[in-house]
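**Student:** Mind having a look at this structure? Questions to follow.
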Amino acid sequence: MQNTRIIFVRHAQAKYGEDDRIRTLTEAGLKSREVVVETLKDFHIDRFLSSPYKRSMDTIQTAADYFGMKIETDERFRERKAGTWDDDWLAKRWADFTCAEEGGECLASVQLRNVEALKEVLAKHEGETVVIGTHGTALSMILNYYDSSFGIDDFLRIVGWMPYIVELTFDGDKLIGKRELAHVATKVD
């Protein structure tokens, strides 16, 4: 059986707002979708999946249109539910994946649901190339699951990359390769 390729596309720069699910892309974010198309155009893509959040879907929509495909969504690929924001919580969450701020979701929960969704994709679409629109924390938890050395410093390295495109290659559900394909460095406020 052929290896399965999962190409994760962390969303492009989005506007900040009250409802995290419907945040739209900034002008720069809209323009950077072309990087996604340029990166993917020479691949044979079998399907597009995404978090149901607007910014993730909008980031890969131009590429899905290029390939003449629809985007399927899976709620499990959504971003971490954030609670009250305090810079100290970032380090606390990464030191203890079961820790979360009031009203927030712990990293263990994010990792569990994202990896569960990914393993289902790997089982159903073995040998295919699947593009998945995702988020920074969600993707980081997947990367950490397959490589426990991926930690807070790695997360901070990619936090301003919007979009960030990384290819993971699997033999069954075993990760056998990781390749960073592209990113757009974006100023994070």
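The values are calculated or read from the model by the stated rules, or taken from the named source; none is laboratory data. Remember, it's a predicted structure, so these values are computed and weren't measured experimentally. Reconstructed Cβ throughout: ideal geometry from the backbone, glycine too, with neighbour counts over all protein chains shown.
**Student:** Just to be sure, is ALA12 of a type outside the set (Lys, Arg), under 28 Å from THR84 (Cα atoms), in contact (Cβ under 8 Å) with a residue 60 or more places away in the chain and in a helix (DSSP H, G or I)?
**Tutor:** On the way: of a type outside the set (Lys, Arg): yes; under 28 Å from THR84 (Cα atoms): yes; in contact (Cβ under 8 Å) with a residue 60 or more places away in the chain: yes; in a helix (DSSP H, G or I): no.
Judged against the criteria, ALA12 is not a match.
**Student:** Condition first: touching a strand residue (DSSP E or B) at 6+ places or on another chain (Cβ under 9 Å), surrounded by fewer than 15 Cβ atoms within 10 Å (Cβ to Cβ) and under 15 Å from ILE6 (Cβ atoms). Can you find one or more residues in segment 135-148 that meet it?
**Tutor:** The answer is yes, given that some residue of segment 135-148 is touching a strand residue (DSSP E or B) at 6+ places or on another chain (Cβ under 9 Å), surrounded by fewer than 15 Cβ atoms within 10 Å (Cβ to Cβ) and under 15 Å from ILE6 (Cβ atoms).
**Student:** For the structure I just gave you, tell me whether LEU118 is over 30 Å from LYS31 (Cβ atoms) and either under 18 Å from the mean Cα position of the chain (by Cα) or of a type outside the set (S, T, N, Q) (or both). Step through it out loud before you land on a result.
**Tutor:** Values: over 30 Å from LYS31 (Cβ atoms): no; either under 18 Å from the mean Cα position of the chain (by Cα) or of a type outside the set (S, T, N, Q) (or both): yes.
Spelling it out, it is not the case that LEU118 is over 30 Å from LYS31 (Cβ atoms) and either under 18 Å from the mean Cα position of the chain (by Cα) or of a type outside the set (S, T, N, Q) (or both).
**Student:** State whether one or more residues within segment 61-69 are surrounded by fewer than 19 Cβ atoms within 10 Å (Cβ to Cβ), at pLDDT 95 or above, acidic (Asp, Glu) and in contact with a strand residue (DSSP E or B) (Cβ under 7 Å, 6 or more places away or on another chain).
**Tutor:** no
**Student:** Where residues in segment 44-91 are in a loop (DSSP other than H, G, I, E, B) and among the hydroxyl-bearing types (Ser, Thr, Tyr), which of them is farthest from the chain's Cα centre (by Cα)? Show your work before the answer.
**Tutor:** Here is the first cut: in segment 44-91, the residues in a loop (DSSP other than H, G, I, E, B) are 44-46, 51-53, 68-70, 74, 78-86.
Restricting the remaining residues to those that are among the hydroxyl-bearing types (Ser, Thr, Tyr) gives 51, 53, 84.
Working: SER51: 8, TYR53: 11, THR84: 22 Å.
Result: THR84.
**Student:** Assess whether LEU181 counts as being farther than 28 Å from ASP87 by Cβ and either under 14 Å from the mean Cα position of the chain (by Cα) or buried (at least 18 other Cβ atoms within 10 Å of the Cβ) (or both). Before the answer, list the steps.
**Tutor:** Details: farther than 28 Å from ASP87 by Cβ: yes; either under 14 Å from the mean Cα position of the chain (by Cα) or buried (at least 18 other Cβ atoms within 10 Å of the Cβ) (or both): yes.
Yes: the conditions hold for LEU181.
**Student:** Looking only at segment 157-169, which residues are out of contact with any Lys or Arg (no Cβ under 8 Å at 6 or more places or on another chain) and surrounded by 14 or more Cβ atoms within 10 Å (Cβ to Cβ)? Quick ask: steps written out before the conclusion?
**Tutor:** Our first condition is that a residue be out of contact with any Lys or Arg (no Cβ under 8 Å at 6 or more places or on another chain); within segment 157-169, this holds for 157, 159.
The answer is VAL159, and nothing else.
One line per residue, one yes/no per condition, for (1) touching a Cys at 6+ places or on another chain (Cβ under 7 Å); (2) exposed (fewer than 15 other Cβ atoms within 10 Å of the Cβ); (3) not β-branched (Val, Ile, Thr):
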{"residue": "ALA12", "(1), (2), (3)": "no, no, yes"}
{"residue": "LYS15", "(1), (2), (3)": "no, yes, yes"}
{"residue": "LYS41", "(1), (2), (3)": "no, yes, yes"}
{"residue": "ASP46", "(1), (2), (3)": "no, no, yes"}
{"residue": "ASP58", "(1), (2), (3)": "no, no, yes"}
{"residue": "THR73", "(1), (2), (3)": "no, no, no"}
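**Student:** A further question on this structure: Using the structure shown, decide if GLU18 is assigned to a loop (DSSP other than H, G, I, E, B), more than 22 Å from LYS178 (Cβ to Cβ), out of contact with any strand residue (DSSP E or B) (no Cβ under 7 Å at 6 or more places or on another chain) and acidic (Asp, Glu). Steps first, answer last, please.
**Tutor:** Values: assigned to a loop (DSSP other than H, G, I, E, B): yes; more than 22 Å from LYS178 (Cβ to Cβ): yes; out of contact with any strand residue (DSSP E or B) (no Cβ under 7 Å at 6 or more places or on another chain): yes; acidic (Asp, Glu): yes.
Yes.
**Student:** Before we move on, is PHE97 surrounded by 13 or more Cβ atoms within 10 Å (Cβ to Cβ) and touching a residue at least 60 places away in the same chain (Cβ under 8 Å)? Explain how you work it out, then say what you get.
**Tutor:** On the way: surrounded by 13 or more Cβ atoms within 10 Å (Cβ to Cβ): yes; touching a residue at least 60 places away in the same chain (Cβ under 8 Å): no.
For PHE97, the condition - surrounded by 13 or more Cβ atoms within 10 Å (Cβ to Cβ) and touching a residue at least 60 places away in the same chain (Cβ under 8 Å) - is not met.
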